[in-house]
1. Could you list all residues from region 25-84 that are under 15 Å from the mean Cα position of the chain (by Cα) and of a type in the set (Lys, Arg)?
2. Quick one: how many residues across region 63-80 are open to solvent by less than 10 Å² (accessible area, probe 1.4 Å) and not in a helix (DSSP H, G or I)?
3. Among the numbered criteria (1) over 24 Å from GLN56 (Cβ atoms); (2) of a type in the set (Phe, Trp, Tyr); (3) assigned to a strand (DSSP E or B), which single criterion is violated by PHE183?
4. Out of region 1-40, which residues are modelled with pLDDT of 90 or more and within 30 Å of PRO105 (Cα to Cα)?
5. Would you pick out the residues in region 96-135 that are at pLDDT 85 or above, in a helix (DSSP H, G or I) and exposed (fewer than 15 other Cβ atoms within 10 Å of the Cβ)?
6. Report yes if ASN177 is closer than 26 Å to GLU66 by Cα and open to solvent by less than 80 Å² (accessible area, probe 1.4 Å), otherwise no.
7. Taking interchain pairs and intrachain pairs at least six residues apart, which have beta carbon atoms under 6 angstrom, with the first residue in region 14-27 and more than 10 Å from GLY69 (Cα to Cα) and the second aliphatic (A, V, I, L, M) and buried (at least 17 other Cβ atoms within 10 Å of the Cβ)?
8. Assuming ALA161 fulfils every condition listed in (1) among the small types (Gly, Ala, Ser); (2) assigned to a helix (DSSP H, G or I); (3) open to solvent by 10 Å² or more (accessible area, probe 1.4 Å) apart from one, which condition is it?
Amino acid sequence: MGTELQIRPYEPRDRAALRQICCDTADAGQPVEKFFPNREVFADLLTNYYTEFEPQSTFVADNGGEVVGYTTGCLDTKRFLRTMKRRIVPAIFFKALVRGVLWHPQTVRLLRANLGLWLKSGHRTGPALDDYPAHLHVNVRQGFRGQKVGQRLVEKFCQRALAAAVRGVHAGVSAENAQARHFFQGLGFVELHREARMRKPDGSGDILYTILYGKRFD
C-alpha cells in the first residue's frame with residue numbers, strides 16, 4: 001500500500017470502480033459470476049441506492065487516484081427499504097427482464113433453490129432499527145486487504161453517523177466468512193441476529209446464513 005492512500009468522500013467519477021469492486025468481491029471475496037450471470041443487474045441492486053440516493057454516506061479508499069475499496073452506507077435503513085421497494089427494485093426487474101437475465105439457466109437454478117425459502121422468510125427481520133438505524137457495507141480489493149484499509153473506511157462512516165446523532169449501525173456478514181466476522185468483532189461490533197440468506201443452487205440443499213453485527217454509539 002502506497003503512502004498516497006486516502007479515505008475520501010465518494011464522487012460520481014468513482015462509480016464504475018466501486019461497481020467493479022462490488023462484483024469482484026460479491027461472494028465472500030469471490031466474483032459474482034460464481035452464482036449470478038449479470039454484473040450490471042447485480043451492481044444496480046447492491047450499489048444504486050448508495051451512489052444515487054445517499055452518496056454523501058459513501059466513502060472510497062483512493063490509492064494515488066485508483067479506487068481500491070469503499071464503504072457504502074445509509075443513516076436510515078427504513079428510508080433505504082422504502083426507496084428500494086418503490087424506486088430501485090422495479091427498475092432492476094425491468095432491466096433484468098429486457099436483458100433476459102430472469103431466464104438465464106444460472107438465475108433459474110438460483111430461483112428454484114430459493115423461492116420457497118425467500119417466500120417463507122418474508123422480508124428481512126434484521127436488528128431493531130430504532131437501536132441500529134444505520135447500516136454499511138465495506139469491500140476492499142485483493143492486494144489491499146489486511147492493511148487496515150477496511151478499518152479506516154468503516155471508521156469514516158461511523159464518524160458520519162456519530163455527527164448525525166445516529167444511535168447505532170449494523171452490517172451483514174456471511175456466516176462462512178470467518179475473516180469478515182473477526183474484522184467486525186475487532187471494531188467493537190457484536191452479533192445481533194442470524195438469518196437464512198440463500199440455499200446453494202448446487203442441489204445440495206445447504207443453506208447459507210448471514211450474521212448481522214451491530215455497534216451502538218450511545
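1. ARG39, the sole residue that qualifies.
2. Going residue by residue through region 63-80, those that are open to solvent by less than 10 Å² (accessible area, probe 1.4 Å) are 68-74, 77.
Keeping just the survivors that are not in a helix (DSSP H, G or I) gives 68-74.
Here the count works out to 7.
3. For PHE183, the exception is condition (3).
4. Narrowing region 1-40 to residues modelled with pLDDT of 90 or more: 5-24, 39-40.
Result: ARG15, ALA16, ALA17, LEU18, ARG19, GLN20, ILE21, CYS22, CYS23, ASP24, ARG39, GLU40.
5. The answer is LEU97, VAL98.
6. Values: closer than 26 Å to GLU66 by Cα: no; open to solvent by less than 80 Å² (accessible area, probe 1.4 Å): yes.
No; evaluated as a whole, the condition is false for this residue.
7. Pairs that qualify, where the first residue is more than 10 Å from GLY69 (Cα to Cα) and the partner is aliphatic (A, V, I, L, M) and buried (at least 17 other Cβ atoms within 10 Å of the Cβ), are ASP14/VAL60; ASP14/VAL67; ARG19/ALA43; CYS23/VAL32; CYS23/ALA43; ALA26/VAL32.
8. (3)
The values are calculated or read from the model by the stated rules, or taken from the named source; none is laboratory data. Everything quoted here is computed from the prediction, not taken from an experiment. Counting neighbours? That spans all protein chains shown, and the Cβs are built from the backbone with ideal geometry, glycine included. Note: accessible area is taken over every heavy atom of the protein model, side chains too, but ligands, DNA and RNA are not part of it. Shrake-Rupley method; radii C 1.70, N 1.55, O 1.52, S 1.80 Å.
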